[in-house]
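What follows is a set of notes on a single structure, which appears directly below.
The values are calculated or read from the model by the stated rules, or taken from the named source; none is laboratory data. Predicted, not measured: the structure shown is a model, and the values here were computed from it. Neighbour counts are summed over all protein chains in view; Cβ atoms, including those assigned to glycine, are modelled from backbone coordinates with ideal geometry.
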Amino acid sequence: MTKNRVHNFSAGPGALPIPVLVRAKQELIELPHKGMSVLEISHRSDTFNEIIQTTKNNLRSLLDIPDNYHILFLSGGASLQFSMVPMNFLRNSGEIAYYMVGGTWGEKAIEQAVREGDARRLWDGTSERFSRMPSFNEIKPISSGAYVHITSNETIQGIQLQWEPTFGVPLICDMSSDFLSRSVSVTNYCLMYAGVQKNVGPAGVTVVIIREDMLERIPDGLHSMLDYRVHVSKDSGYNTPPVFSIYMANLVTQWLLEDVGGLAKMDSINQEKANLLYSTIDESSGFYIGHSHKESRSIMNVTWRIEDQTLEKKFVKEAYDGGLHNLKGHRSVGGLRASIYNAVTLESVQALQDFMIDFQYRWG
């Protein structure tokens, strides 16, 4: 750990890699050979064009993205995508959109979709308090429809889809909280989107990866800012893009490629981190109670609780005082949560594990 840095388990914006922060600090006053800060450059400049194209190339290398997929950098977060997706692909289609609702963010997505047309729940985890994702055998085959929408990881409940679906209709995925944490088969999807503030940089930009043929499905008459075709034709420059956030995403993707060694290596590290915390929960003799079913456990967001809520509050305070920050669960569900995104080091997770064991020893 860098001196005076705490262990940051924030659910988002999340921790950033120290080498990335160091480089950003060095270049903040002046980009090399440019004579000005990245905060000052024009989004129409050759300098920024180089940044955005390099970021695209990094993403293509990390995810093996084919040439018939466009990469966009948009504003508005995943929340705007909840609206843009049905506006572009459900409105006036006369078809049904199916939503796999595994948690809070899947719920928010379908809430917007029903405003645009016939959106139905393909699977719904509400009755089980969003404690698991569906198994492959629970999902009925879909042979027709506008699209199927899934959320690969639910940050609030700490559950993650552990298999990659395939359907006979276009598949759209909100990957905001596990994007670039592991390898995925891009060609399984017609559209993927992710707010970058978990694994790819500071808040402010959303990565959208969209297959070329999907543009033909978009109805005319949409407002320009809400039409994927406009953003593709303008190469993410229809409006002034979030320059600094894209610059940081460039540094993070470079870190993943050069320092980490790719997504397979990143996945292995993330699995190791998650296993440390889940084993501590499982071996606590019920002192720590995990929220998610074991087969749906998220490697990004570990959620648990302590039966005595007074002890939960004490846990959060003592952890904070010991340099372990942002462990309080989401306000909607309570409990405890450790978000261990890519940049959260093994050292930080080991420090949390040690604290959990010690806290149980003293209060269990």
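Does Val230 qualify as being touching a helix residue (DSSP H, G or I) at 6+ places or on another chain (Cβ under 9 Å), surrounded by fewer than 23 Cβ atoms within 10 Å (Cβ to Cβ) and closer than 30 Å to Leu336 by Cα? Walk me through how you get there before you give the answer.
Details: touching a helix residue (DSSP H, G or I) at 6+ places or on another chain (Cβ under 9 Å): yes; surrounded by fewer than 23 Cβ atoms within 10 Å (Cβ to Cβ): yes; closer than 30 Å to Leu336 by Cα: no.
Taking the combined requirement at face value, the residue does not satisfy it.
Can you confirm whether the stretch 310-325 contains a residue that is outside the structural domain of Pro134 (by TED's automatic domain parsing), at pLDDT 95 or above and within 26 Å of Ala194 (Cβ to Cβ)? Looking through the stretch 310-325, at least one residue is outside the structural domain of Pro134 (by TED's automatic domain parsing), at pLDDT 95 or above and within 26 Å of Ala194 (Cβ to Cβ). Where strands (runs of 3 or more DSSP E) sit wholly within the stretch 284-346, those with at least 3 residues that are surrounded by 16 or more Cβ atoms within 10 Å (Cβ to Cβ) occupy 301-306, 336-339. It is to be established whether one or more residues within the stretch 209-232 are in contact (Cβ under 8 Å) with a residue 12 or more places away in the chain, within 30 Å of Gln353 (Cβ to Cβ), out of contact with any Ser or Thr (no Cβ under 6 Å at 6 or more places or on another chain) and not in a helix (DSSP H, G or I). No, the stretch 209-232 contains no residue that is in contact (Cβ under 8 Å) with a residue 12 or more places away in the chain, within 30 Å of Gln353 (Cβ to Cβ), out of contact with any Ser or Thr (no Cβ under 6 Å at 6 or more places or on another chain) and not in a helix (DSSP H, G or I).
Scanning the stretch 342-363 for residues that are without any contact (Cβ under 8 Å) to a residue 24 or more places away in the chain and of a type in the set (Asp, Glu) returns Asp354, Asp358. Total residues in the stretch 43-69 satisfying the condition of being surrounded by fewer than 12 Cβ atoms within 10 Å (Cβ to Cβ), in a loop (DSSP other than H, G, I, E, B) and modelled with pLDDT under 95: the figure is 1.
The numbered conditions (1) surrounded by fewer than 21 Cβ atoms within 10 Å (Cβ to Cβ); (2) assigned to a loop (DSSP other than H, G, I, E, B) are all true for Ser127 except (2). Selection over the stretch 12-42 of residues that are outside any loop (DSSP other than H, G, I, E, B), among the hydrophobic types (A, V, I, L, M, F, W, C) and over 20 Å from Tyr341 (Cα atoms) gives a count of 1.
In summary, Asn137 fulfils each of the numbered conditions (1) part of a helix (DSSP H, G or I); (2) under 21 Å from the mean Cα position of the chain (by Cα) with the single exception of condition (2). Considering Ser61, Ser79, Ser83, Ser93, the condition of being under 27 Å from Leu31 (Cα atoms) and in the same structural domain as Val230 (by TED's automatic domain parsing) is satisfied by Ser61 alone.
Leu21 meets the conditions (1) under 23 Å from Asp259 (Cβ atoms); (2) touching a residue at least 40 places away in the same chain (Cβ under 8 Å) in every case but one. The failed one is (2). Looking across the stretch 327-346, the residues that are aliphatic (A, V, I, L, M) and more than 23 Å from Lys314 (Cα to Cα) come down to Ala343, Val344, Leu346.
Run Arg211 past the list (1) in contact with a Phe, Trp or Tyr (Cβ under 9 Å, 6 or more places away or on another chain); (2) surrounded by fewer than 15 Cβ atoms within 10 Å (Cβ to Cβ); (3) basic (Lys, Arg) and report the number of the one that doesn't hold. Tallying (1) in contact with a Phe, Trp or Tyr (Cβ under 9 Å, 6 or more places away or on another chain); (2) surrounded by fewer than 15 Cβ atoms within 10 Å (Cβ to Cβ); (3) basic (Lys, Arg), Arg211 fails exactly one: (2). Selection of the stretch 282-320 for residues being among the polar types (S, T, N, Q) and under 15 Å from Leu352 (Cβ atoms) yields Ser284, Asn301, Thr303.
Applying the criterion of being among the aliphatic types (A, V, I, L, M) and in a loop (DSSP other than H, G, I, E, B) to the residues of the stretch 157-196, the residue that is farthest from the chain's Cα centre (by Cα) is Val169.
I want to confirm something. Restricting to the stretch 293-329 and keeping residues that are polar (S, T, N, Q) and touching a residue at least 40 places away in the same chain (Cβ under 8 Å), which single residue is nearest to Ser135 (Cα to Cα)? Before the answer, list the steps.
Of the stretch 293-329, the ones polar (S, T, N, Q) are 296, 298, 301, 303, 309-310, 326.
The next check asks that each one be touching a residue at least 40 places away in the same chain (Cβ under 8 Å); those that pass are 296, 298, 301, 303, 326.
Details: Ser296: 9, Ser298: 15, Asn301: 20, Thr303: 20, Asn326: 31 Å.
Filtering first and then ranking leaves Ser296.
Please specify each residue of the stretch 256-283 satisfying the condition of being charged (D, E, K, R) and part of a loop (DSSP other than H, G, I, E, B). Please lay out each step first, then the result.
So in the stretch 256-283, the residues charged (D, E, K, R) come out as 258-259, 265, 267, 272-273, 282-283.
Answer for the stretch 256-283, where residues must be charged (D, E, K, R) and part of a loop (DSSP other than H, G, I, E, B): just Glu283.
Among the residues of the stretch 70-93, those that are of a type in the set (S, T, N, Q) and either touching a helix residue (DSSP H, G or I) at 6+ places or on another chain (Cβ under 7 Å) or not in a loop (DSSP other than H, G, I, E, B) (or both) comprise Ser79, Gln81, Ser83, Asn88.
For the stretch 225-243, the count of residues that are under 17 Å from the mean Cα position of the chain (by Cα) and hydrophobic (A, V, I, L, M, F, W, C) is zero.
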